[in-house]
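Comments concern the structure below.
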Amino acid sequence: MEDASIMEDASTMEDASTMKNASSREDVSSMEDTLSSEDASSVEDASITENASTMRLLEYQIPVYHLPDYLTNCKIYNPLSDVNITVDGLVLQVLYGSETGTAQDVAEQIWKSAQRKQRQSTVSSVDEYDMRNLSSRQLIVFVVATTGQGDPPANMKTFWKRLLGKSLRTDLLENLNYGILGLDHFQEVRLITIELPYKIKYNPGDVIYVRPKNSIEQVRRFFNILYGHNIQLFPNTMVEVKKKEIKVPLALQCRLPLKEIVEQYWDLNFKPRRSTMHTLSLISEDKLEKEKLYEFASPCGQEELYNYINRPRRNILEVLVDFPHTTSKLNIRLLFEIMSPIRPRPYSIASSSKATPDKIQILVAVVDYKTRLLEPRFGLCSKWLKNLKINDKVTFRIQKGTFRFEDNKPIIMIGPGTGVAPFRSFLLEEEEKKKDLKECILFFGCRKKDKDYHCREDFERLAEKTNLKVFCAFSRDQDYKIYVQHIIREQRELCWQFLQNDGSIYLAGSSKNMPNAVRDEFVDLVKEIGKMTEEQAEEFIKDLEKKSRYQIETWG
Ligand SMILES: Cc1cc2nc3c(=O)[nH]c(=O)nc-3n(C[C@H](O)[C@H](O)[C@H](O)COP(=O)(O)OP(=O)(O)OC[C@H]3O[C@@H](n4cnc5c(N)ncnc54)[C@H](O)[C@@H]3O)c2cc1C
């Protein structure tokens, strides 16, 4: 159950118990009526899920800023008595499951709004809530944001485990009044083509390491901070750092304008670490700032540092602004000490050098998300790649990835989302070699067929012309969720047949829940179709792994 997404968790929770009360559908639709078209278009990533008496989960697009008012005014529909009960008189208990603080922020808004309306209410993280206190005199509002690629936040997982605990009363959820807000996020994916100056041979499974740059806005912001704190360093200031002064990469051991260093070598998006805080605490001469920085650098200040930096994903520029007196003490040597170099990011190559020898294609999921901070967060490299214009230059290197494909044996490929990239590379290469692909299965997964079925035309063509077997899981195209593990289950006879014929399994994509869910499915499949015990099936899969017949390449 832990592997299911939040929405699935919510619906299963409903199925597993006899909860009767739910928010009224009329309230939600009247809320929708009040939205202007401008409002509606501005909320791509916020949705409210209503639990209606039909026990179906329906999604409504409502801007986050309307939610507090909506919830504190809502009525509860009781299907047994067929009446609406107002929530007046019930204690509003807002519980949030949050990884980066977005859901926490919404939960706190709801709570504050209730306080303003003199409603008795509390707010807390789901995992801090003592479930034995659940009662029918409460209205529980769960606010949960997914993280990564639709995964539940860690504190929600803890809560869910406890909820399934045997020690809880079986009638605990009876007569519970509740509502669920699911904050969702749709990730943009781009197929990016890099034109090579000359032909470069690369193989399916190879990985390209791309070195991104900071955006012009971030660079400008950096220099504005220096200027605003009277630091005499400007974009055209020539800098030469001696190796013996401080450890610098080879590329920087020459005279360069500071702008170049800032744009190309320092990651302006990086999350300051404890050591950064320590360095800043040493140079600070302001009592308050020094104390705070010292605390962040000390062992007992680590939770606070986590809440200040990691949870909201604060970057170095924001920290410098928060500590103005300390920032004004910076000089070039100290900047080299506190700034972190830009790391090249690996991407699985999605093209075939046989088919397109002068091109490399990559499938990039653009990282952008919100935290409790006002400004949206973004991923340095994926955003940079997204914003590249034709003829912009890309610095990269190519390396072997973990996959070793064998094209003379049956293969089962599982690549949801951008995980399909290395398999596209392999399949296009095989197509170029004029191979028949009837011994290849591709399991692909995404949210919606019409929205994010990447490279669909390639896979449809390969299925038609080369006999590739393609099976897709579109998780959001129906009322219930379908993931790759579910479609593997549907094809278990075929998978077993492939494995019996010396076939191999290749899996790529998100490192969160998917790899384990798929592995469990294969263990089940071997157990069922191969007629083995649980232990034998586990041994069978372990043996495949040992013999490199079960290879994975994942990222998170
Ligand atoms: C072998 C390999 C192959 C890969 N292949 C691909 C590929 O084909 N396609 C692809 O898109 N990526 C791929 N990746 C991942 C890729 O290397 C980058 O990690 C990814 O693009 C993010 O880099 P970035 O610079 O945009 O983000 P960064 O600036 O590095 O930020 C990423 C960080 O942001 C945080 N974050 C991200 N989303 C959220 C969220 N919703 N909520 C809170 N925090 C969040 C996480 O801490 C995450 O680590 C691969 C990785 C490996 C190791």
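Step through the table entries K354/K481; K201/K433; K271/K451; K213/K448; K242/K359; K201/K448, compare each Cα-Cα distance with 27 Å, and write down the pairs that go over it. If you can, show how the numbers build up before the last one.
Values: K354/K481 37 Å; K201/K433 15 Å; K271/K451 32 Å; K213/K448 32 Å; K242/K359 39 Å; K201/K448 34 Å.
The pairs that break the limit, which is 27 Å between Cα atoms, are K354/K481; K271/K451; K213/K448; K242/K359; K201/K448.
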Revision key, fill the gap. Expected unfolding gain across H325-W555 under the 0.36 nm per residue rule, minus the alpha-carbon gap, is 78.9 nm
Check your understanding: For segment 89-159 and segment 481-556, what is the separation of their Cα centres, given in Å?
Key -> 37
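Can you give the alpha-carbon Rg of segment 262-328 over 2.2 N^0.38 Å, where N counts its residues? Kindly include the intermediate steps, with their values, before the conclusion.
Values: Rg = 11.6 Å, N = 67, 2.2 N^0.38 = 10.9 Å.
That ratio works out to 1.06.
So, R0 is 35 Å and r is the distance between the beta-carbons of T533 and I482; what FRET efficiency does that work out to, to 0.05? Don't jump to the answer; show the numbers that get you there.
On the way: r = 29 Å, r/R0 = 0.82.
Calculated transfer efficiency: 0.75.
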Check your understanding: Quick one: if you stick a label point 7 Å off each Cα along the C-beta vector at C254 and F234, how many nm between them?
Key -> 2.5
Revision key, fill the gap. Quick calc: nm separation of the 7 Å Cα→Cβ label points for R132 and D171 -> 1.8
Revision key, fill the gap. Computed on Cα atoms, Rg of segment 296-415 relative to 2.2 N^0.38 Å comes out at 1.52
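Specify, per residue and in Å³, the volume enclosed by the convex hull of the alpha carbon atoms belonging to segment 485-556.
Working: hull volume 5.7 nm³, N = 72.
It comes to 79 Å³ per residue, whole-number rounded.
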Practice item. Please grab the % of Cα pairs in segment 216-338 that end up more than 18 Å from each other. Key: 53
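None of the figures in this text is laboratory data; all of them are computed from the coordinates on show. As the structure is a computational prediction, the values presented were derived from the model and not from experiment. All Cβ positions, glycine included, derive from the backbone under ideal geometry; neighbour counts span all protein chains shown.
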